[in-house]
Amino acid sequence: MISALLALTLMTTADSLRLVVNGRDSAIAARAEGQVTYVSADAAATALGGRVQRLPNHRFLLSVGGVAFESADRSSFALSDGRLYPLLAPARERDGRLEVPVQLFTDVAPRAGASLAWNPASRRLAVVASRAVGTAPASPAPAGAAPAGARPQPSGTAATRGARRRVIVIDAGHGGRDPGMRGWSPDRTPVREKDVALGVARRLEQELGNRGYAVVMTRTSDTLVALDDRGKIANRSKGDLFISVHVNAANPRWRDPQAARGFETYFLAEAKTEDERRVAQMENEVVRFETDADAPKHDPLGFIINDMAQNEHLRESSDLADGIQRALRRVHPGPSRGVKQAGFRVLVTAYMPAVLVEIGFGTNGAEAAYLSSESGQRALASAIAEAAAEYLGRYEQRVGNGK
C-alpha cells in the first residue's frame, strides 16, 4: 500500500505516463485534475498490448495484462472477476472514449493479478511475465458469458445481464462509535447490533459471491459510515439491489418487551403504523453520531428529486422485501412480522430496489443468542441470498416479457 500511495503522489506531478513494453520505453499523455491523474484507457491499454471494448449504457470493458475490468462513465469502481475495486475518482467518458485514474493501471490492475509492475522511483509501468495458468484471459468473454473465474450459477438465478455481472450492495447497520441496539444473550453475553449486522453482512457477501454476484459492502470493519453515504456508495457502484441488515429492539412500553421476537423487512415509503415509525426513528438516530461535516444538507428540490427516483423502485422494493420474508420464514425460529414500510434515511439515496431487514430482536435473550451464533448468521445470510437471487430471476423474466 505504501508503494501504491507513493506512486500516485508522484504521478500527480507528471504530464505523461511512461510505459515499458518488450524493452521499449514510450509515453502517453496524462491529465492532472486536482489530486488525481487521468489517462486515456484506450491509449494505455493499446500501448500495453490490451484493448478497450465499448458496451451498452456507457460501459466499457478494458483488458490489460491478462485481466479484464469493467467500468462505466461516472463510476468510481472497476469490476474484475466478481470483485469491485474502488477508484480514486470516477471514470469519465469523453467523446465516446474512456478516461480513468492512472491508479487503475499502477495499483488496481497489479493487485487484481495483471502482468504489470509499477516502479514509483522512475514512474514507469512495465509489462512483466505472463500470469499463472488458470487466471483470467486477456481477451474479454463474449457477450452474455460469465467472466472468467466466475463461480457456477445455480439454476433459476440471473447473476449476469449481458456482459455485466449483477451488483448487490450489502449494508451492515451502525458501526464505529454507534453500537446500535444493545442486548444480552441468556448467559449474559452482551450483544451489539453493529457486530451482529456486520457478521451477517459478511456471510451474506460470501453467499452471494458463491452464486456469482458482484458484492459491494458499505463497511467491512467496525467503522461509522454516514447514513446518506451508504446509498451514495450503492449508486456509485451501479448497484442492482441494496440490502441493509439491522437488529430490532422492543419498545420498552410494550406489556412484555423481552418476549418480543421475530423478523420483518422494510421498504421505503411513508410509515402506516406507530411501530413502523418507531423502528425508523430508532435506526435513523445514528445521525447523532455524525459530525456536522458529515451531516447532509437537504433542500426542497433535492427532496422532490429523491422522491421521484425512489417511487420508480417502490414496487420492486416491496417485491424484494416479500421474498426475503418468505425465505427467512424457512430458517428463523421466530415468527414473521411481515413486510412493512417506513422512512429510513439509509434507503433514501439508494436509487435501486432497496430494503432494510430487521433480522430479529436483540432484546430477546434466546433470539439474541441465535443472531450471534455462527450457525444462525449463516442460515440468515443463506436465506437472504436465496431471496435476492429469486427476486432477480423474477425481474429478468418481467423485463424479458416487456413488463
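Which order do you get for SER63, SER40 if you rank them by accessible area with a 1.4 Å probe, largest at the top?
Numbers: SER63 5, SER40 35 Å².
Output order, biggest surface exposure first: SER40, SER63.
With Kirkwood's inverse mean 1/r over C-alpha pairs for Rh, give me the Rg to Rh ratio of the stretch 339-401, two decimals please. Please report the intermediate quantities before stating the final value.
Details: Rg = 15.1 Å, Rh = 14.1 Å.
So for the stretch 339-401, dividing Rg by the Kirkwood Rh gives 1.07.
If packing is taken as the average count of other Cβ atoms within 10 Å, what order do 386-393, 113-120 fall into, highest mean first? Spell out each step's value before the answer.
On the way: 386-393: 22.8, 113-120: 19.5.
The most tightly packed comes first, giving 386-393, 113-120.
Evaluated at 20 °C with a viscosity of 1.002 mPa s, what Stokes-Einstein diffusion coefficient in µm²/s does the stretch 221-281 have when Rh comes from the Kirkwood expression over alpha-carbon pairs?
On the way: Rh = 14.3 Å.
After rounding, the answer is 149 µm²/s.
Could you give me the percent of Cα pairs per 5 Å distance bin for the stretch 162-243, shortest bin first, beginning at zero and ending with the bin that holds the maximum distance?
3, 15, 23, 22, 16, 10, 6, 3, 1, 0, 0
Ranked highest first by the average count of other Cβ atoms within 10 Å around their residues, in what order do 324-331, 64-71, 247-254, 18-25 fall? Numbers along the way, then the final one.
On the way: 324-331: 19.0, 64-71: 25.6, 247-254: 17.0, 18-25: 12.5.
For the peptides 324-331, 64-71, 247-254, 18-25, the packing ranking is 64-71, 324-331, 247-254, 18-25.
Provide, for q = 0.11, 0.17, 0.22, 0.27 Å⁻¹, the log10 of I(q)/I(0) from a solvent-free Debye sum over equal Cα point scatterers in the stretch 38-113.
Once normalised to I(0) and log-transformed, intensities are -0.21, -0.52, -0.92, -1.52.
Can you give me the solvent accessible area of SER336 with a 1.4 Å probe, rounded to the nearest 10 Å²?
Surface accessible to solvent at SER336 totals approximately 50 Å².
Give me the compactness ratio for the stretch 184-231, meaning the Cα radius of gyration over 2.2 N^0.38 Å.
My calculation over the Cα atoms of the stretch 184-231 gives 1.40.
Leaving out ligands and nucleic acids, note down the accessible area per residue over the stretch 332-403 with a 1.4 angstrom probe, in whole Å². Each step should come with its number before you reach the end.
Values: 2430 Å² over 72 residues.
With all protein chains present, the stretch 332-403 gives 34 Å² per residue.
The values are calculated or read from the model by the stated rules, or taken from the named source; none is laboratory data. A quick note: this is a predicted structure, and the numbers were derived from the prediction, not measured. Neighbour counts are summed over all protein chains in view; Cβ atoms, including those assigned to glycine, are modelled from backbone coordinates with ideal geometry. Ligands, DNA and RNA are stripped out before the accessible areas are found, and what is left, the full protein with its side chains, is counted by its heavy atoms. Shrake-Rupley method; radii C 1.70, N 1.55, O 1.52, S 1.80 Å.
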